[in-house]
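FYI, it's all coordinate maths here, none of it is from the lab. As the structure is a computational prediction, the values presented were derived from the model and not from experiment. Cβ placement follows ideal geometry from the backbone for every residue including glycine, while neighbour counts extend to all protein chains displayed.
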Amino acid sequence: MPALRHFPLCWPRALPLQLTLAGLLGLGLHVGAAHAETPIPMAVAVSAPTQLAAIDPRWSSSFEAFAAADLKQAPQPGGVVFVGSSSIRLWNDLETSFSDQPLVIKRGFGGSQLLDCVKLVHHLVLPYQPRLVVVYAGENDLAEGASPRDVAERFTAFVQAVKAALPDTRIAFVSIKPSPLRSGMLPAVREANELVRAYSQTEPWLDYIDVFSSMLDDQGQPRAELFQGDRLHLNADGYAIWQRIIALHLKG
């Protein structure tokens with residue numbers, strides 16, 4: 001397997017971070033206590049994929065379904081892969097929502113954090129060799145106690161992992177949504193989104209997709225009519241907004 005590549009990061013002055021693959025060796029310990037018991041070096045995450053048996057039991061059925069689908073019909077390279085938490089998993093018509101794309105692959109697993117996407121990048125992204133990865137994650141990280149800076153670092157780690165193996169792949173981050181159930185997190189959500197937006201502006205192959213702004217009312221509060229009764233997951237109207245905005249970023 002070719003040697004891992006390093007991609008220097010040019011963070012703006014407000015975010016003085018320099019993370020390389022070597023510098024991420026202790027990421028599992030640094031970015032959140034929820035995963036501190038299972039830290040993995042980034043080099044391992046990229047060069048030694050875990051087996052399905054080692055995946056958290058919460059997601060075993062999801063990853064078994066992914067593997068079965070791939071076995072039945074292996075996707076062609078060059079598609080668009082959507083990864084992330086339940087907002088991706090529950091998007092029932094996602095694969096058909098972007099009819100202008102020749103191939104859309106949905107790889108969402110509910111309850112996951114952005115750090116989980118980093119650890120499982122071998123299953124979620126690398127086998128498909130996509131031209132574009134669309135990521136929705138980070139909301140659960142904040143809900144579990146991660147800071148906005150943690151979310152930015154975790155997205156950086158995800159970018160590093162993908163680009164080390166697939167240097168030509170583009171990556172787009174869908175902004176963390178303003179869920180009514182988690183309205184107390186709005187300041188942290190805004191900060192995390194802004195940090196990721198700032199980082200995404202430093203590289204031409206990164207993109208930030210702002211769905212957050214369109215999901216607020218005139219008073220700057222979450223629009224409850226875009227969510228299901230649990231006030232956390234999107235309904236059809238919420239997904240319609242996502243589809244309209246995300247579609248503008250899939251061209252090219």
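Structure data summary
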| quantity | calculated |
| --- | --- |
| Derived scalar couplings ³J(HN,Hα) [the stretch 155-165; Karplus, 6.51 cos²θ - 1.76 cosθ + 1.60; whole Hz; x for Gly, Pro] | 5, 4, 4, 4, 4, 4, 5, 5, 5, 4, 9 |
| Average silhouette area of the stretch 209-252, convex hull of alpha-carbon atoms, in square nanometres | 3.2 |
| Considering only the stretch 78-247, percent of DSSP beta bridges that pair antiparallel, nearest 5 | 10 |
| Stretch gain in nm, segment Gln219-Ile241, where the contour uses 0.36 nm per residue and the Cα spacing is subtracted | 6.0 nm |
| In the stretch 167-252, trypsin sites (Lys or Arg not before Pro) in a DSSP loop with at most 13 other beta-carbon atoms within 10 Å | Arg231, Lys251 |
| Fewest-first sequence of Thr169, Thr96 by Cβ atoms within 10 Å of each Cβ | Thr96, Thr169 |
| Nonlocal amide H pairs with Leu132, under 5 Å, H built at 1.01 Å | Val81, Arg170 |
| Listed residues Val104, Ala152, Thr202: farthest to the positive end of the dipole of the stretch 78-247 (Cβ charges) | Val104 |
| Residues Lys106, Lys72, Lys119, sorted so that the one with the fewest Cβ neighbours within 10 Å comes first | Lys72, Lys106, Lys119 |
| Using θ = phi - 60° and Karplus 6.51 cos²θ - 1.76 cosθ + 1.60, couplings along the stretch 107-115 (whole Hz; Gly, Pro as x) | 9, x, 9, x, x, 6, 10, 4, 4 |
| Ala65-Ala198 pseudo-label distance in nm [points 7 Å out on the Cα-to-Cβ vector] | 3.8 |
| Computed Rg/Rh of the stretch 101-202, alpha carbon atoms with Kirkwood Rh | 0.96 |
| Using θ = phi - 60° and Karplus 6.51 cos²θ - 1.76 cosθ + 1.60, couplings along the stretch 205-215 (whole Hz; Gly, Pro as x) | 9, 10, 9, 10, 10, 8, 9, 4, 4, 6, 9 |
| Proxy reagent accessibility, fewest Cβ within 10 Å first, across Glu191, Glu64 | Glu64, Glu191 |
| Dmax and Rg, reported as Rg then Dmax, of the stretch 78-247 (C-alpha, Å) | 14.9, 44 |
